[in-house]
Amino acid sequence: MKILVGYKRVVDYNVRIQVKADGSGVVTEGVKLSANPFDDIALEEALRLREKGIATEVIVATIAPADAQAHLRNGLAMGANRAIHVVTGEAIQPLTAARALLKLIEKEQPQIVILGKQAIDDDCNQTGQMLAALWNRPQATFASKVEVAGTVATVTREVDAGLETIEVDLPAVITTDLRLNEPRFIKLPDIMKAKSKPLETLQLADLGVESGDHLKTTRYVPPPKRSKGVMVKDAAELVAALKTKGLL
């Protein structure tokens, strides 16, 4: 059984995001870039399924600029068997990402595709669902527990009402939530081994995928700074202050 894992590169979650002076985007020069935390969880789950003997091969794939190979080597060091780098210099929206991943699915024929439920840069939470629709296969989103037996996956989902357990026939798309697992630390010997693992490079155009993106971001602005708090003597003064600000 093959497992394909989407492995997006984002600005590290510890970095304080700065908007460019011209409002054209966020500053990435000299900024630490890391794997999307939800995608690290997706890769960890794939590796655990391989360690249980359920899967035989784990493939990580990213759609990113040419300088993202170090990012994929990180996934290989974590334990993936091989990597696929779909190269593009453009910002990719979820539908385009889903179309590109579908081409990789057609090429690799995995039984399970695992993605993070969302990326922390755009927070779209769309790619997994779109991919399942394009692939015409079941989806199990927001997974906090995954069990695979034969051609069926039993997935516990985190939903607004609590937990929901569903069964999906494989092949299927699974998206991971935070409580599914804790990704392993990468050791130095694994980093050295990753240098010799296969890393395939493809151009986005070679997959026959056009961006077709319909949304265009015209300007980025930082959130407004919080104003200084105001002390009030009692509830009546609080209500009056809120009315003055037009909040009541």
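The values are calculated or read from the model by the stated rules, or taken from the named source; none is laboratory data. Computed from a predicted structure; not experimentally measured. Cβ coordinates were reconstructed from backbone atoms using ideal geometry, including for glycine residues, and neighbour counts include every protein chain displayed. Note: areas computed on protein heavy atoms with side chains; ligands, DNA, RNA excluded. Shrake-Rupley method; radii C 1.70, N 1.55, O 1.52, S 1.80 Å.
Across region 1-141, counting alpha-carbon atoms alone, Rg and Dmax equal 15.0, 52 Å.
Rounded to two decimal places and with Rh computed the Kirkwood way over Cα pairs, what is Rg over Rh for region 1-51? Mind dumping the intermediate values first?
Numbers: Rg = 15.1 Å, Rh = 12.9 Å.
Looking at region 1-51, the ratio lands at 1.17.
Loop-only check: which trypsin sites (Lys or Arg not before Pro) in region 153-241 are DSSP coil with at most 12 other Cβ within 10 angstrom? Here the trypsin sites (Lys or Arg not before Pro) that fit, given the DSSP loop and packing criteria, are Lys187, Lys195, Lys216, Arg219, Lys225, Arg226, Lys228, Lys233.
By DSSP, the beta bridges lying fully in the chain are antiparallel in about 40 percent of cases.
Taking all Cα-Cα distances within region 108-248, those exceeding 19 Å account for 72%. Remark: the chain carries 57 Å² of accessible area per residue (probe radius 1.4 Å; ligands, DNA and RNA excluded).
For region 133-180, divide the Cα radius of gyration by the Kirkwood radius and give the resulting Rg/Rh value with two decimals.
Values: Rg = 10.4 Å, Rh = 10.8 Å.
We get a ratio of 0.96 for region 133-180.
Of the residues Ile174, Tyr220, Ala153, the one whose Cα sits farthest towards the positive end of the charge dipole of the chain is Tyr220 (charges of +1 on Lys and Arg Cβ, -1 on Asp and Glu Cβ, taken about the Cα centre). Computed over protein heavy atoms with a 1.4 Å probe, the carbon and sulfur contribution to the accessible area of the chain reaches 53%.
Past the 28 Å Cα-Cα mark, which pairs from Lys20/Lys193; Lys2/Lys187; Lys145/Lys225; Lys216/Lys245; Lys20/Lys225; Lys8/Lys228? In this structure, Lys20/Lys193; Lys145/Lys225; Lys216/Lys245; Lys8/Lys228 exceed 28 Å between Cα atoms.
Spread over its residues, the convex hull of the C-alpha atoms of region 65-163 is 134 Å³ per residue. At the listed q of 0.17, 0.24, 0.29 Å⁻¹, the Debye profile of region 182-248, built from one uniform point per Cα, gives log10 I(q)/I(0) equal to -0.92, -1.06, -1.29.
A simple rule links phi to the HN-Hα coupling: the Karplus curve 6.51 cos²θ - 1.76 cosθ + 1.60 with θ = phi - 60°, which for region 145-150 gives 7, 10, 10, 10, 9, x Hz, with x for Gly and Pro. Dividing the mean sequence gap of close Cα pairs (under 8 Å, 6+ apart) by how many residues region 1-149 holds gives a relative contact order of 29 percent.
Evaluated at 25 °C with a viscosity of 0.890 mPa s, what Stokes-Einstein diffusion coefficient in µm²/s does the chain have when Rh comes from the Kirkwood expression over alpha-carbon pairs?
Details: Rh = 19.8 Å.
The diffusion coefficient I find is 124 µm²/s.
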